[in-house]
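Taking it in order: structure first as structure tokens, then the write-up.
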Amino acid sequence: MHVATSDASSCPGPCGRGGAQPFPGFKTVEPLEYYRRFLKENCRPDGRELGEFRATTVNIGSITTADGSALVKLGNTTVICGIKAEFAAPPVDATNKGYIVPDVDLPPLCSARFRPGPPGEEAQAVSQFIADVIENSQIIMKEDLCIVNGKLAWVLYCDIICLDYDGNILDACTFALLAALNNVQLPAVAINEETGLAEVNLKQKTPLNIRKYPVATSFAIFDDTLLIVDPTAEEEDLATGTVTIVTDEEGRLCSVHKPGGSPLTGAKLQDCITRAITRHKEVKQLMDKVIKSVKPQ
């Protein structure tokens with residue numbers, strides 16, 4: 001079962017109001033100027049307004065071999081997250097905690113910009129961003145993953161793979177992770193006192209205790225001043241900077257991710273946070289709907 005927001009309509013000219021059409025090839029020769037003509041009219045070439053997101057779709061339970069999974073589409077950007085739960089000894093310095101290990105893969109199949117081989121710089125940066133979101137938002141308390149203090153804990157391996165890259169990978173990965181975690185069911189585990197081995201009861205499963213619902217909202221900065229939400233890959237390449245705001249369901253700020261580029265004034269940053277809080281409600285509503293639709297199963 002999947003649900004999606006309404007699609008953004010395309011416009012024939014700037015803002016779809018019959019603006020003068022640029023000559024064929026103008027976009028190729030002067031891509032930035034091409035975009036500016038639309039942005040001046042508070043519109044984008046794909047028909048969206050500056051503050052409008054692309055159609056968003058989420059599907060959970062897509063991978064039957066995983067303990068939890070989700071597939072998220074944000075326009076053309078498509079990301080799948082699969083979670084596998086395994087046993088491990090708790091950390092020596094935190095004997096009552098388990099582990100959450102995210103890994104983001106941006107393979108060549110998702111975009112010509114990525115090459116085969118070990119994870120590139122962008123994949124590593126996205127993986128670190130997801131790890132920071134997990135840590136800063138306290139989406140799951142690691143204490144909840146402890147089975148027996150000092151002896152046994154769960155490790156959640158969260159593999160996030162991009163299938164189609166068209167910008168705003170941070171929002172898509174964060175949403176996919178959150179949806180997949182909501183789909184995880186862990187079996188009951190007990191330690192046999194005689195053998196000291198773990199005994200798993202697959203018939204008795206419980207969902208994870210999701211403490212917070214972090215949602216990322218990304219913006220591209222054009223010409224150092226203009227903000228557009230949910231940028232495509234093309235818009236990211238032309239932008240003078242990007243910023244990603246992560247908020248939780250209570251409207252609290254979990255993190256601000258700004259990898260260089262144009263500076264933002266306090267007022268602009270506040271605008272981003274306000275829009276991020278609104279976006280959170282949209283995403284949460286979308287996810288609640290799809291979770292509710294699969295519960296009877």
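Quick note: the coordinates plus some simple rules give every number you see, no bench work behind them. Bear in mind that the values here come from a model prediction, so they are computed numbers and not experimental data. Neighbour counts run over all protein chains shown; Cβ positions are idealised from the backbone, glycine included.
Observations on the structure shown:
- You can think of it this way: the chain between E135 and E52 has 27.0 nm of extra reach, that is 0.36 nm per residue less the Cα-Cα gap.
- Taking every DSSP helix (H) stretch of at least 4 residues in the chain, weighting each as -39,500 (n - 2.57) and dividing the sum by the residue count yields a mean residue ellipticity at 222 nm of -8500 deg cm²/dmol.
- D237-A267 pseudo-label distance in nm [points 7 Å out on the Cα-to-Cβ vector]: 3.4
- The C-alpha atoms of the chain occupy a region whose extents along the principal axes are 81, 41, 39 Å, arranged from largest to smallest.
- For region 173-186, 3J(HN,Hα) per residue [Karplus equation, 6.51 cos²θ - 1.76 cosθ + 1.60, θ = phi - 60°, Hz, x = Gly/Pro]: 5, 5, 5, 4, 4, 4, 5, 5, 4, 5, 9, 6, 10, 9
- Region 193-210 - phi-based ³J(HN,Hα) in whole Hz, Karplus 6.51/-1.76/1.60, Gly and Pro as x: 5, 6, 8, x, 9, 7, 10, 9, 10, 6, 7, 10, 10, 10, x, 5, 8, 7
- Under 5 Å from the amide H of M141 lie the amide H atoms of R211, each residue being 5 or more positions distant or on a separate chain, with H modelled from the backbone and absent for Pro and chain starts.
- Rounded to whole Hz, the Karplus (6.51, -1.76, 1.60) HN-Hα couplings of region 99-107, x for glycine and proline: 9, 10, 10, x, 8, 10, 10, 10, x
- With a cut-off of 9 Å between beta carbons, the residues surrounding A220 carry a summed charge of -3, where Lys and Arg count +1 and Asp and Glu -1.
- Counting Lys and Arg as +1 and Asp and Glu as -1 over every other residue whose Cβ lies under 15 Å from the Cβ of D93, the net charge comes to +1.
- Dipole magnitude of the chain, debye to nearest 20 (Cβ charges: Lys/Arg +1, Asp/Glu -1, about Cα centre): 700
- Packing-based order for 151-161, 186-196, 137-147, using average beta carbon neighbours within 10 Å, highest first: 151-161, 137-147, 186-196
- A Förster radius of 51 Å, combined with the Cβ-Cβ distance separating S255 from T195, puts the computed FRET efficiency at roughly 0.70.
- Bridgeable lysines around K203 (alpha carbons under 19 Å apart, same-chain partners fewer than 8 residues away excluded): K84, K295.
- Furthest towards positive pole of dipole, P187, V104, Q124, structure part region 49-294, Cβ charges: P187
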